[in-house]
Amino acid sequence: MRAIRTRPLTGLAVLTLAAVAAVAPLTPTPAAHAADPVVVLSSTFEDGTTEGWRARGGESVTPSTAAAHSGAGSLLTTGRTQSWQGPTRDLLAQLQKGTRYTLSVHVRLAAGEPATRARLSVQRDTGGTAAYDQVVGATPVTADGWVALTGTYTLAHDVDALSAYVETADGTAALHIDDFTLSYVPAKPVQTDIPALREVLADDFPIGAAIGMPQIIGNHATLLRRHFASVTPGNALKWDATEPVEGQFRFADADALVGFAADNGMAVRGHTLLWHQQTPAWVFTDATGAPMTPTAANKELVLSRLEGHIRTVVGRYGDTIDTWDVANEVIDESQADGLRRSRWYELTGLDYLRTAFRVAREVAPTAKLYVNDYNTNVPAKRDKLYALVAQLRAEGVPVDGVGHQMHVNVAWPSIAETEAMLRTFVPLGVEQQITEMDVSIYTDDSQSYPSPPAELLRTQALRYRDLFALYRRYADEITSVTLWGLADDDTWLDSFPVARKDAPLLFDTELQAKPAYWGVVDPSRIDPTPSPTVSPSPTGSPSPSPTPTGTPTPTPTGTGGTGVFSCRVQYAVTGQWPGGFQAAVKVTNTGDRPLTGWTLRWSFPDGQRITQLWNGTYRQEGATVEVGNAAWNGRLAPGPGVDVGFLAGWSGANGRPGAFQVDGTPCTVD
Ligand code: 9MR
């Protein structure tokens with residue numbers, strides 16, 4: 001949900017691309033830079049039609065001139081009787097699986113309607129089942145002005161139908177929308193010249209990330225594989241995902257995520273077997289269909305459901321999942337006994353915990369079984385958690401570990417309090433893990449930055465530095481550290497506690513290493529003087545100046561200048577739309593002589609024309625393309641190679657170039 005950067009979007013961008021292609025520039029590019037966004041679809045409602053938009057179900061959608069964000073027209077939706085009704089547009093033909101898009105729409109309530117909150121979402125249908133992904137969370141809207149809902153979306157599933165829609169969180173107000181854009185931001189390559197977190201931390205603990213389906217395809221998967229030794233499915237193993245209807249289990253997403261981890265040698269934390277949230281209502285519904293009351297019969301029924309659920313879910317993953325959050329968030333420090341008054345507790349007392357741990361141990365005898373909670377640094381909560389774990393273990397309940405979620409922020413909690421949290425549990429003889437760490441840039445609900453100010457990113461880097469230094473000191477106690485997400489493009493904090501863009505992780509929305517990453521890896525690399533170009537602005541920050549993809553880590557020097565140079569080129573079209581495409585080219589030195597400065601040449605077979613290229617300079621004459629190195633990637637040593645990306649126009653066919661040369665040496669081609 002980041003603001004669009006570099007230049008305003010226009011509906012002409014795709015046309016511009018084709019037009020530029022037609023005049024065939026022979027222009028060396030200026031300094032290499034990140035690519036500009038390309039608009040794939042826009043709706044301005046200026047032509048008196050609905051431009052392909054329709055009602056979701058029963059309401060009325062018509063062109064209107066009663067209000068307009070730009071020009072004279074908008075789209076008006078009236079006659080809504082349900083909050084989920086609203087204008088929708090099919091996007092199946094436009095969205096490619098695995099590619100990240102920015103969706104933006106302006107919303108204003110019709111005159112006289114009371115203020116409410118609007119959401120921008122995507123509906124995807126597969127095999128007759130609909131699923132809903134939120135792109136922008138509930139955002140205040142009124143009849144007095146236009147509000148932009150802007151967010152990013154990556155389709156991560158195979159679908160039969162796909163549409164974007166606007167709805168309200170509550171109420172049925174008539175509403176206008178205008179200036180919808182679906183744009184494609186060409187992805188920067190994943191950095192290959194920075195240390196892998198998993199290697200930096202290898203002697204301390206496995207480093208993990210919470211993931212969903214979007215994290216196991218494309219560049220996200222590349223980043224995940226490179227840096228992380230462990231994953232936690234963020235939602236796919238929760239009860240509402242795995243057993244939405246009694247006895248009907250669904251494991252498609254969980255299987256894909258666990259399979260990805262297994263294929264890539266990563267550990268998996270199973271999260272979570274029981275929780276007071278994301279548990280379907282049927283679990284607590286009695287045989288007559290009524291909500292359960294605390295009777296002996298209901299206790300028996302709910303415990304047998306719990307047992308059946310755990311047997312099936314844990315049983316499915318055998319040894320692949322070696323750690324389970326058996327119980328999530330069972331402490332409430334405001335209760336004298338410290339026990340959360342969840343439905344589990346109300347119906348069974350502490351027996352739900354006894355049953356859950358006993359059954360999990362039976363099914364997965366070697367897995368580590370955890371109780372996981374947030375705010376475990378807060379002394380009152382910490383001590384009540386301690387008391388519960390001590391009691392359960394004294395009874396022989398197999399609790400092996402305590403998970404500290406560590407949803408923290410740039411100013412809270414102190415390192416001393418965090419250390420006290422870790423120290424407290426040592427005498428219990430339990431393992432400890434950091435299970436859901438993120439560091440919000442916000443310290444109260446009123447703050448909101450369209451993009452994170454540099455100074456806050458620096459403060460955040462120092463927090464990561466200090467917290468990881470602490471974790472490393474306690475590496476004998478801590479058996480893994482997991483971040484609650486992979487990169488800032490996909491974080492639960494964008495909609496909690498209010499809808500706004502947060503930036504709590506180690507990689508930014510373009511998957512590039514942040515100062516926070518350096519806080520963990522090498523604090524001497526945290527920039528002491530933040531650039532003024534990214535200082536806070538309530539109306540939207542100017543975009544950061546173009547950055548190379550690689551942070552300028554000195555490249556290994558190779559073996560000297562006497563050996564043989566040979567090369568390999570990997571060429572991949574990473575996105576394609578009518579008239580345009582994006583490609584990634586990786587050049588690897590497979591010999592033993594490093595180059596200082598290099599030129600890559602190829603010919604396009606089908607008249608393709610490059611319009612923009614990053615991480616290098618380019619010239620194109622006819623079909624022939626010549627790419628030179630950028631200032632920071634001139635050294636091409638044996639090893640990881642360099643990545644170049646470009647946008648180009650095409651028509652008719654978009655065949656791959658068959659041959660590549662570096663400094664005249666033909667390369668092998670993948
Ligand atoms: O990251 C999860 C988010 O996608 C869900 O919407 C949310 C729903 O409750 O749960 C999030 O994960 C939570 C985790 O399971 C337990 N600790 C708090 C996490 C953030 O809410």
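Quick notes on this structure:
- Pairs, first in a loop (DSSP other than H, G, I, E, B) in the stretch 43-55, second open to solvent by less than 30 Å² (accessible area, probe 1.4 Å) and not aliphatic (A, V, I, L, M), C-beta under 7 Å, six or more apart: T44/D179; F45/G73; F45/S74; F45/D178; E46/G73; G48/G73; E51/S43; E51/F45
Okay, residues lined up against (1) in a loop (DSSP other than H, G, I, E, B); (2) open to solvent by less than 40 Å² (accessible area, probe 1.4 Å); (3) not small (G, A, S):
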{"position": "V136", "(1), (2), (3)": "no, yes, yes"}
{"position": "G145", "(1), (2), (3)": "yes, yes, no"}
{"position": "A148", "(1), (2), (3)": "no, no, no"}
{"position": "Y153", "(1), (2), (3)": "no, yes, yes"}
{"position": "A156", "(1), (2), (3)": "yes, yes, no"}
{"position": "A164", "(1), (2), (3)": "no, yes, no"}
{"position": "G171", "(1), (2), (3)": "yes, no, no"}
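- Output for the stretch 349-404, where each listed residue is among the acidic types (D, E), within 26 Å of P294 (Cα to Cα) and crowded, with 19+ Cβ neighbours inside 10 Å: D373
- D325 meets all of the listed conditions (1) among the charged types (D, E, K, R); (2) open to solvent by less than 60 Å² (accessible area, probe 1.4 Å); (3) assigned to a helix (DSSP H, G or I) but one, namely (3).
- Search result, residues across the stretch 216-235 that are open to solvent by 10 Å² or more (accessible area, probe 1.4 Å) and more than 10 Å from the ligand (Cβ to nearest atom): I216, I217, G218, N219, H220, T222, R225, R226, A229
- Residue list for the stretch 296-320, filter: assigned to a loop (DSSP other than H, G, I, E, B) and within 26 Å of the chain's Cα centre (by Cα): T320
- T323 being within 16 Å of the ligand (Cβ to nearest atom) and among the β-branched types (V, I, T): yes
- Restricting the stretch 334-348 to residues that are within 33 Å of the chain's Cα centre (by Cα) and assigned to a loop (DSSP other than H, G, I, E, B), the residue that is surrounded by the fewest Cβ atoms within 10 Å (Cβ to Cβ): R341
- Test set (1) over 22 Å from L223 (Cα atoms); (2) in contact with a helix residue (DSSP H, G or I) (Cβ under 7 Å, 6 or more places away or on another chain); (3) outside any helix (DSSP H, G or I) - E419 fails condition number: (3)
- Residue match in the stretch 627-635 (condition: open to solvent by 20 Å² or more (accessible area, probe 1.4 Å) and more than 16 Å from D193 (Cα to Cα)): no
- The test for being away from the ligand (no atom under 16 Å from the Cβ), over 30 Å from L457 (Cα atoms) and in contact with a Phe, Trp or Tyr (Cβ under 9 Å, 6 or more places away or on another chain) holds for V399.
- Which listed residue is open to solvent by less than 50 Å² (accessible area, probe 1.4 Å), closer than 29 Å to P244 by Cβ and not aromatic (F, W, Y), from T88, T81: T88
- Some residue of the stretch 402-412 being free of Cβ contacts under 8 Å to residues at least 24 places away in the same chain and either in a strand (DSSP E or B) or more than 14 Å from the ligand (Cβ to nearest atom) (or both): no
- For the stretch 256-277, the set of residues classified as under 15 Å from G212 (Cα atoms), open to solvent by 30 Å² or more (accessible area, probe 1.4 Å) and without any contact (Cβ under 8 Å) to a residue 40 or more places away in the chain is empty.
- Considering D438, D444, the condition of being among the acidic types (D, E) and touching a His at 6+ places or on another chain (Cβ under 9 Å) is satisfied by D438 alone.
- The selection criterion, being within 15 Å of the ligand (Cβ to nearest atom), surrounded by fewer than 22 Cβ atoms within 10 Å (Cβ to Cβ) and acidic (D, E), holds for D240.
- Check on G265, at positive phi, more than 16 Å from the ligand (Cβ to nearest atom) and modelled with pLDDT of 95 or more: yes
- Some residue of the stretch 179-192 being on the phi > 0 side of the Ramachandran plot, touching a residue at least 24 places away in the same chain (Cβ under 8 Å) and more than 16 Å from the ligand (Cβ to nearest atom): yes
- Filtering the stretch 278-295 for residues that are part of a helix (DSSP H, G or I), over 19 Å from Q248 (Cα atoms), open to solvent by 40 Å² or more (accessible area, probe 1.4 Å) and not polar (S, T, N, Q) leaves an empty set.
- Scanning the stretch 439-497 for residues that are of a type in the set (V, I, T) and under 19 Å from V520 (Cβ atoms) yields V439, I441, T459, I478, T479, V481, T482, T491.
- Complete set of residues in the stretch 119-148 that are over 22 Å from the mean Cα position of the chain (by Cα) and under 21 Å from D178 (Cβ atoms): P140, V141, T142, A143, D144, G145, W146, V147
- First in the stretch 633-661 and closer than 11 Å to P605 by Cβ, second anywhere and of a type in the set (S, T, N, Q), Cβ under 7 Å, 6 or more apart: W650/Q608; N654/Q576; N654/Q608; P657/S603
- When the test is whether a residue is touching a residue at least 40 places away in the same chain (Cβ under 8 Å), of a type in the set (G, A, S) and open to solvent by 50 Å² or more (accessible area, probe 1.4 Å), A115 does not pass it.
- Taking the criterion of being in a loop (DSSP other than H, G, I, E, B), more than 16 Å from the ligand (Cβ to nearest atom) and in contact (Cβ under 8 Å) with a residue 24 or more places away in the chain, the residues of the stretch 475-500 that qualify are A475, E477.
- Those residues of the stretch 420-436 which are of a type in the set (A, V, I, L, M), within 33 Å of the chain's Cα centre (by Cα) and more than 19 Å from A210 (Cβ to Cβ), in sequence order: A420, M421, L422, V430
- Filtering Y386, Y442, Y471, Y464 for residues that are among the hydroxyl-bearing types (S, T, Y) and within 16 Å of the ligand (Cβ to nearest atom) leaves a single hit, Y442.
The values are calculated or read from the model by the stated rules, or taken from the named source; none is laboratory data. Keep in mind it's a predicted model, so treat the numbers as computed, not measured. Neighbour counts run over all protein chains shown; Cβ positions are idealised from the backbone, glycine included. Areas reflect the complete protein model, heavy atoms only, side chains present, ligands, DNA and RNA absent. Shrake-Rupley method; radii C 1.70, N 1.55, O 1.52, S 1.80 Å.
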